[in-house]
Amino acid sequence: MVKQTPANRPIMGAEPEDIAKATTRLIQMRWGAGILVLVATAVCVHLLDLPLPAHVLYPVGVCILAYNAVLVWVARKIYSPQPDLYLQRLQRFVVLQVALDWVSMTVFLHLTGGVSSPAIPIYAIHMLSVTILLPSPSPYIYIALGVGALVVIAVLERMAILPHYTVIPVLPPDLQLDLIYTMAQIAFFTMAASAIVYLATLVMTRLREHDRQVTALLETTQTVSSTLSLPKVLERLAISAAKALATSRASIRLLDETGEHLHMAVAHGLSEEYQTKGLVDVSRSPLDQEALGGKVVIVKQTATDHRIQYPEQVLKEGIGSILVAPIIGRGRPLGVLRVYADQPNRFTAGDALFVLAIAQQGAVALENALAHETLQQADKERAQFVRTITHELRAPVSGAQSLLRVLLKLRKVKLNPQQRDILARVEARFDFLATLINDLLALAASKTAGFQTAPKPIDLQPILEDCIDQLAHEISEKQISMDYEVPDTKLTVCASAEGVAQIFSNLIGNAVKYTPPDGELTVHLTQQTGNAVITISDTGIGIPAKDLPHLWDEFFRASNARRSQIVGTGLGLSIVKRLVDSYGGMISVQSDEGKGTTFIVSLPITPIDEPATS
């Protein structure tokens, strides 16, 4: 595979959109050029009475407009949604345009005086356009073609094979026969065109390099900051560094806890054998010692550089040069970013500064990802601890509840009203404690992937009906009127039955709990644009506006709910939110204090004939 270097990079940094815009500008300029040929010919021949071959120049102008119209049609046909194929077609399209323009410019020069044509500077301007569009060495090839065309015109006119047109009356009619004048014109044209192309190439190279670096830095910032997953951050950082320097290989090595070894964290474009060659011992790798000290190191020739710990494996991998940049966190080195090239002497001091900027961006993202990973691990351990403790508490609480219920049912035990009231309060406290334990267990399970049932396609209607049945007694006792509506067709989502049951039980249970007697409850299940939408509305106490932003926080209860003396743990909605998010759904709430609340849950529908993803 051919490696791309700054010298042979595709047109305009290989961005199809840029090339498409440039070709559009060329086409627009060509419309002007064709019209200008026609208008200038008419003015010069009919107003200025210049001896131009109008009978040929008019067709030349028409031909320019005609083939430009064809190019407009071709430009619309070459588009492809595949970037590589579209880029290839665009490059060929640019070459076709340049070739057609070269032919028309050569004919135009001949018809307007050959080597004495006043239109020669226009040829130089077109060369400038070619330099902007085509990478080196294409512009110099175009110069050679232009000079060659001028030489051929001069020779053919001198030999009288082609007629010579004297368009400037003050010039001698046989000026094309003057060898010194002809050679001077060609020489000056060659020097001027070469200087224009050289300077334009120099400017365009710097502009393209600057544009590539800015684009790469922007992409690096966007890619490494778009995720907090440590493996993804490392992978995207390595790919961005390789892409930025137009190479195909890069790696990131991170320091271990001892700070003595660098282990391979991610590799891009490297063979498996090279990746597993072994740990890098910092004490035996002067290359990495320099880099970890905060310096960007360039290995110009791997075959002769003695700072490499595994020189044989490097040469076997076909690596000719290496650039090593330090990844420095807040006051301490985290690792090194390496970019590899096949050829020796590939990297420059400018590349070193550029990769250092990428590494600095990566260090911030890397530390954020490490902190996120640490927090996730701590949250997982906390959830595990809560689950273990609450699981141990469930058995004695359940036992105490059973004993208390037995005691209250015993007829032989005579209790006065005060004693019975005390025991009823104890029972209520045990019920609350049992609810709290169950909610803590559910919360811990929702935070810990290993404790969750794997999602699979499930039908929502039966689960919703079971939930309604379980709450039917309480709904009847409070004489709440209920509007229940589900579709005839099955709605299948990818979730766990237990999780969906928890969502429904919490939301509908809260609606029943906080709705006063003779209130209203609405439960609708509908299908909307690929989603199953569950709407639960009540005419209960509602939620104060100031409490709505905190509704999903753990242990949070609305202020009016606390004042109502209705027992609650403040964990139900937090669990619901986590479960809905884990199933790829959305939940929203609308509420007016004293008027009621509406919860809307949206879960993506999974067709039964498609496998569900966990």
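The values are calculated or read from the model by the stated rules, or taken from the named source; none is laboratory data. In this text the structure is predicted, and so the values were computed from the model without any measurement. Here the Cβ positions follow ideal geometry from the backbone for every residue, glycine too, while neighbour counts run over all protein chains shown.
So here's what we get for this one:
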read-out	value
Lone qualifier among L100, L96, L109 - being in contact with a helix residue (DSSP H, G or I) (Cβ under 6 Å, 6 or more places away or on another chain) and touching a residue at least 24 places away in the same chain (Cβ under 8 Å)	L100
Count - residues of segment 307-323 that are in a loop (DSSP other than H, G, I, E, B), without any contact (Cβ under 8 Å) to a residue 60 or more places away in the chain and within 34 Å of the chain's Cα centre (by Cα)	3
Any hit, segment 461-477, residues being more than 13 Å from L579 (Cα to Cα) and outside any helix (DSSP H, G or I)	no
Sole exception among (1) within 14 Å of V233 (Cβ to Cβ); (2) buried (at least 24 other Cβ atoms within 10 Å of the Cβ) for A341, by number	(1)
Set G570, G594, G540: member being in a loop (DSSP other than H, G, I, E, B) and modelled with pLDDT of 90 or more	G540
Selected residue [modelled with pLDDT under 80 and not assigned by TED's automatic domain parsing to the domain that holds A365] from T190, T220	T220
Condition met for H263 (under 22 Å from K232 (Cα atoms), assigned by TED's automatic domain parsing to the domain that holds L237, loosely packed, with under 14 Cβ neighbours inside 10 Å and not aromatic (F, W, Y))	yes
Answer residue from segment 440-460, given it is assigned to a helix (DSSP H, G or I) and either modelled with pLDDT of 70 or more or aromatic (F, W, Y) (or both) and is farthest from K490 (Cα to Cα) among those	F451
Sole exception among (1) out of contact with any helix residue (DSSP H, G or I) (no Cβ under 8 Å at 6 or more places or on another chain); (2) of a type in the set (A, V, I, L, M); (3) without any contact (Cβ under 8 Å) to a residue 24 or more places away in the chain for I587, by number	(1)
Filter result for the condition that a residue is under 30 Å from T190 (Cβ atoms), of a type in the set (V, I, T) and either surrounded by fewer than 16 Cβ atoms within 10 Å (Cβ to Cβ) or not assigned by TED's automatic domain parsing to the domain that holds E157 (or both), over I125, I132	I125
Filtered residues of segment 550-594 (kept if surrounded by fewer than 20 Cβ atoms within 10 Å (Cβ to Cβ) and polar (S, T, N, Q))	S559, N560, S564, Q565, T569, S582, S588, Q590
Subset of segment 301-322 that is of a type in the set (D, E, K, R) and in contact with a helix residue (DSSP H, G or I) (Cβ under 7 Å, 6 or more places away or on another chain) - its residue that is modelled with the highest pLDDT	E317
Residue count for segment 348-392, restricted to those that are at pLDDT below 70, crowded, with 16+ Cβ neighbours inside 10 Å and not β-branched (V, I, T)	2
Filter result (touching a strand residue (DSSP E or B) at 6+ places or on another chain (Cβ under 8 Å) and part of a loop (DSSP other than H, G, I, E, B)) within segment 286-306	G293, G294, K295, V296, K300, Q301, T302, D305
Of all residues in segment 290-306 being surrounded by fewer than 20 Cβ atoms within 10 Å (Cβ to Cβ) and more than 34 Å from the chain's Cα centre (by Cα), the one that is nearest to F347 (Cα to Cα)	Q301
Segment 172-187, residues that are surrounded by 15 or more Cβ atoms within 10 Å (Cβ to Cβ) and modelled with pLDDT under 80	L175, Q176
Residues satisfying the stated conditions in segment 66-99, i.e. surrounded by fewer than 16 Cβ atoms within 10 Å (Cβ to Cβ) and within 14 Å of A33 (Cβ to Cβ)	A66, A69
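For (1) under 37 Å from the mean Cα position of the chain (by Cα); (2) in a loop (DSSP other than H, G, I, E, B); (3) of a type outside the set (D, E, K, R), each residue gets a yes or a no:
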| position | (1), (2), (3) |
| --- | --- |
| I508 | no, no, yes |
| P516 | no, yes, yes |
| Q527 | yes, no, yes |
| D547 | yes, no, no |
| E554 | yes, yes, no |
| R557 | no, yes, no |
| I566 | no, yes, yes |
| G584 | yes, yes, yes |
| T598 | yes, no, yes |
